[in-house]
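Below is one structure, written out as structure tokens, with a few remarks after it.
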Amino acid sequence: MAEPGWRRCEGDRANAAFLSSLRIQRRVIGALITRETYTRFRRENLGFAWVFGEFLIFGLPVMLMWHFIRGKYEHGLLMTSYRP
């Protein structure tokens, strides 16, 4: 049996409202991330590079400790891609 026209229209409106709300949420989250980034790094040119530098400063020692303590392979898989 065919669906009445008014129900289909009501569903389209609900879908459009949901997509509109989703777009607004995406813009708000993007604005919050941008504001947090500018607040943290004060619009300095090297500020955005620090996002990656900070990861490397903390990530590389952990990776090296894992490599030397546990060995190169864990469960038959190579854990670190860099091999000295």
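The values are calculated or read from the model by the stated rules, or taken from the named source; none is laboratory data. Since we're looking at a predicted model, the values are computed, not measured. Every residue, glycine as well, gets a Cβ built from its backbone with ideal geometry; the counts of neighbours run over all protein chains shown.
Here are the numbers for this structure:
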{"read-out": "The range 26-45 - residue that is exposed (fewer than 10 other Cβ atoms within 10 Å of the Cβ) and of a type in the set (S, T, N, Q) and, of those, modelled with the highest pLDDT", "value": "THR39"}
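Matching residues to (1) surrounded by 11 or more Cβ atoms within 10 Å (Cβ to Cβ); (2) at pLDDT 80 or above:
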residue	(1), (2)
GLY47	yes, no
GLU54	no, yes
ILE57	no, yes
LEU60	yes, yes
TYR73	no, no
LEU77	no, no
